[in-house]
């Protein structure tokens, strides 16, 4: 039975597909974020929990016990993602698991180092962290499923700086930067938001900021820049990158026009904006990869087009298995990515069983991808071979 026949049987039930090797997902599936104080015995973990050394403490699908809840509270974790009672465990590759583990491990050392820099003392972990990021993520032939973790006021700056550093390393190799240039850029990314650590929670947690709030944040960012400039253990090139990045914040549209700016500064600008857009924050809905990329591509005055392309080439966005919302109101499944234009893949529509090849201009003029599906309920498994058989028949 071809996939079209299988979907016809499913249509009356409004089922959405999960593929065993291609993962049909909407960036988070049905997992819910639960604050630590609201955890209940029997809840199932959607994501693993590691300690600062990267040792697995609680694996995915583990049911919480009273002891486990107390342990999580002792870890000072603001909250965790849990699965719905009947929700199947979303597939994760070994690379995805290792990426989350690395993020968790690295935050502890980064936090220690940034606090040392704030005291004008030399960091102890930074050089090794830079080395690991460059080694693991500055590879041209490797795209990453860039997974975001929930952030609080207490850890936002550290998680943001780490993610910007990882993105920058991936983008730098695609922009043909040297190893030394990438190392300096990654170092700059890891400390670029040091001034924001002084922002009062009352300001940082506001959804809408007053002119006075923005002025205060700008003052603290400048104070952070001056702190870095006075550190004799930070390379001059790192300081130069951050000075240019700070100027870009004051005049964002300079990046698209001024090619004299360092490539590193333009990369940091794009990486920072992308991470901010897609970050999971308490009380604020993150943008999907699709919406964030579309925003970056649409403003060529503010963001260097080549740098944005390097970001697109670094991360997995609309790959086979992603469920999407279409502009015609239907939903569908990406069955073939488009390497030339990531926003125009081949999509199988759940409603009418048609395949929309968005690479075709005539099709694209009628329907586009609106966003990635955010929620999914009932699911059925269809294996990879069925998709490939269907693609072969379609071609």
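Readers should treat all values here as calculations from the given coordinates under stated rules, not as data from a laboratory. Bear in mind the structure is a predicted one, so any value in this text is a computation, not a measurement. Neighbour counts run over all protein chains shown; Cβ positions are idealised from the backbone, glycine included.
Taking the simple approach of a point 7 Å from Cα along Cα-to-Cβ for both residue 327 and residue 196, what is their distance in nm?
Calculated label separation equals 3.2 nm.
Taking Cα pairs under 8 Å and at least six residues apart, what relative contact order does the range 94-312 come out at, in percent? Can you show the working numbers first?
Working: 251 pairs, mean separation 49.6, N = 219.
It comes to 23 percent, rounded to a whole number.
For the pair residue 208 and residue 179, how long in nm is the line joining their label points, each one 7 Å along Cα→Cβ?
5.2 nm
Using the basic label-point model (7 angstrom from Cα toward the beta carbon), what is the residue 251 to residue 120 distance in nanometres?
Inter-label distance under the simple model: 3.1 nm.
Find the relative contact order for the range 33-87 and round it to a whole percent, using C-alpha pairs within less than 8 Å whose residues are 6+ positions apart.
Averaging sequence separation for qualifying contacts and normalising by length gives 50 percent for the range 33-87.
Taking other Cβ within 10 Å of each residue's Cβ, how do 266, 294 sort, fewest first?
Values: 266 26, 294 16.
With the sparsest Cβ surroundings first, the list reads 294, 266.
Could you order peptides 133-146, 318-331 by the average number of other Cβ atoms within 10 Å of their residues, highest first?
The packing order, highest mean first, is 318-331, 133-146.
What span do the alpha-carbon atoms of the range 30-185 cover on each of the three principal axes, reported in whole Å from largest to smallest?
Result, largest extent first: 50, 39, 24 Å.
How much of the calculated P(r) for the range 94-312 lies past 20 Å, in percent of all Cα pairs?
The proportion of pairs with Cα distances above 20 Å equals 57 percent.
Which order do peptides 310-317, 225-232, 124-131 fall in by mean Cβ count within 10 Å, highest first?
Result, highest mean first: 310-317, 124-131, 225-232.
Give me log10 I(q)/I(0) at q = 0.21, 0.24, 0.26 Å⁻¹ for the range 53-136, Debye formula, one equal scatterer per alpha-carbon, no solvent.
-1.12, -1.26, -1.34
Kirkwood-based Rg over Rh for the range 144-187 (C-alpha set), two decimals?
Working: Rg = 12.1 Å, Rh = 11.4 Å.
Ratio value, two decimals: 1.06.
Based on the Cβ-Cβ distance of residue 41 and residue 154, what FRET efficiency does E = 1/(1 + (r/R0)^6) give at R0 = 30 Å, to the nearest 0.05?
0.70
Please work out, to two decimal places, the log10 of the ratio I(q)/I(0) at q = 0.17, 0.18, 0.26, 0.28 Å⁻¹ from a Debye calculation in which every Cα of the range 33-87 carries one identical scatterer.
Listed by q, the Debye log ratios stand at -0.46, -0.52, -1.11, -1.29.
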